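A.B. asks: This is the structure, below, for whatever I ask next.
The values are calculated or read from the model by the stated rules, or taken from the named source; none is laboratory data. Everything numeric here is computed off the predicted structure, so don't read it as measured data. We place every Cβ from the backbone using ideal geometry, glycine too, and count neighbours over all the protein chains shown. The protein model used for the area step is the full one, side chains on, heavy atoms only, and it has no ligands, DNA or RNA in it. Shrake-Rupley method; radii C 1.70, N 1.55, O 1.52, S 1.80 Å.
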Amino acid sequence: MKGLAVDSSVTKITIAAKNDDHTVTASYDIGMKQSETLLPAIDYVMEKAGLVPSDLDYTCICRGPGSFTGLRLGFAAVKAFETANKTPLYGVSTLKANAYAFENFGKLIVSVIDAKKDRFYACAYKNGTEIFPEGDYTYEKLAEMINHSDDKEMILTGPLNDCAVFCETVSPLLSSFSVIVPKAAAPATDALLAITEKMISDKVPPLQEYDGPVYLRVSEAEEKFGK
């Protein structure tokens, strides 16, 4: 199959174009320059993979949680393919995509993104089953849910800097837990492509035109407006 995957949910953006058995991936860890980088990066991987937009069988994106701005930029880019060529668009949880590489390890997998304000976006899986749901958790609440697990060893996954923050803030609150942190993170786009093609095989419908990012938290503007 031929697909385009975009992860713009965190500061490090990753784009991959898959042309049957060949995949071209580009990652940019350049801070707050996503708006000027994303579209040229998409053009680059598509060209290197020998694809034009009309070739694509699908596009897929990390749907959130993550950066409000990054998610909006990513959706705007892939929805352009949907509008121009009616290319089906699939959304996958950022936390699920980051956990995917470890699904067959038989261990508790805790997937985290630093949500700032002393909180994490997080969820946990074991053998592909959700142990606790995606949420916007305080350090204390996250530690409490992990401590309720029967496991005493866990794999921590997510952006490496965010995993380091977890180890500094949440790990001391865990009861006799061994936390395994990979030394390098697999690109979320690898997981996006694999998960999406499984969704297509299982006849899961793509996102609808009105579907958008999943933030798990209202923006500061929405908070002020609500008040």
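A.B. asks: If r is the Cβ-Cβ distance from Ser175 to Glu130 and R0 is 25 Å, what FRET efficiency results, to the nearest 0.05?
C.D. replies: For R0 = 25 Å, the calculated efficiency reads 0.70.
A.B. asks: Out of (i) 47, 40, 34; (ii) 73, 44, 39; (iii) 53, 45, 32, which label holds the value of Cα extents along the principal axes in Å that was computed here?
C.D. replies: (iii)
A.B. asks: So which trypsin sites (Lys or Arg not before Pro) in region 50-102 pass both tests, a DSSP loop state and at most 10 other Cβ atoms within 10 Å of the Cβ?
C.D. replies: For trypsin sites (Lys or Arg not before Pro) across region 50-102 that sit outside H, G, I, E and B with at most 10 neighbouring Cβ atoms in 10 Å, the list reads Lys86.
A.B. asks: Separate question: Which angle from 0 to 90°, rounded to the nearest 10, does the C-alpha axis of helix 188-201 make with the longest principal axis of the chain?
C.D. replies: Taking Cα atoms only, the helix is inclined about 70 degrees.
A.B. asks: Let's test the formula: R0 of 35 Å, r as the Cβ-Cβ distance of Ser201 and Ala80. What FRET efficiency results, to the nearest 0.05?
C.D. replies: Efficiency, rounded to the nearest 0.05: 0.85.
A.B. asks: Still on this structure, I have one more. For Tyr210 paired with His148, estimate the spin-label separation in nm (one decimal), with each label point 7 Å from Cα along the Cα-to-Cβ line.
C.D. replies: It works out to 3.3 nm between the two label points.
A.B. asks: So what is the calculated 222 nm ellipticity per residue for the chain, using -39500 (n - 2.57) for each DSSP H run with n of 4 or more, over all residues, to the nearest 500 deg cm²/dmol?
C.D. replies: -10500 deg cm²/dmol
A.B. asks: Can you tell me the orientation of helix 160-169 relative to the chain, as the angle in degrees between its alpha-carbon axis and the longest Cα principal axis, to the nearest 10?
C.D. replies: Roughly 20 degrees, rounded to the nearest 10.
A.B. asks: Once you treat every alpha carbon in region 108-227 as an equal point and sum by Debye, what is log10 I(q)/I(0) at q = 0.12, 0.15, 0.19 Å⁻¹?
C.D. replies: Values, matching the q order: -0.54, -0.81, -1.13.
A.B. asks: Turning to a different aspect of this structure: Gap in Å between the Cα centre of region 115-183 and the Cα centre of region 27-70?
C.D. replies: Using only Cα atoms to place each centre, the spacing works out to 28 Å.
A.B. asks: With every protein chain in place, what's the accessible area of Tyr28 (1.4 Å probe, Å², nearest 10)?
C.D. replies: Its heavy atoms expose roughly 60 Å² to the probe.
A.B. asks: Just the number, please: percent antiparallel of the DSSP beta bridges in the chain, rounded to the nearest 5.
C.D. replies: Of those bridges, close to 65 percent are antiparallel.
A.B. asks: Another question, then. May I ask for the net charge around Tyr121, where only other residues with Cβ less than 11 Å from the Cβ of Tyr121 are counted and Lys, Arg are +1 while Asp, Glu are -1?
C.D. replies: My count for the surroundings of Tyr121 gives -1.
A.B. asks: Oh, and also: Helix 34-48: angle to the longest alpha-carbon principal axis of the chain, degrees 0 to 90, nearest 10?
C.D. replies: Taking Cα atoms only, the helix is inclined about 60 degrees.
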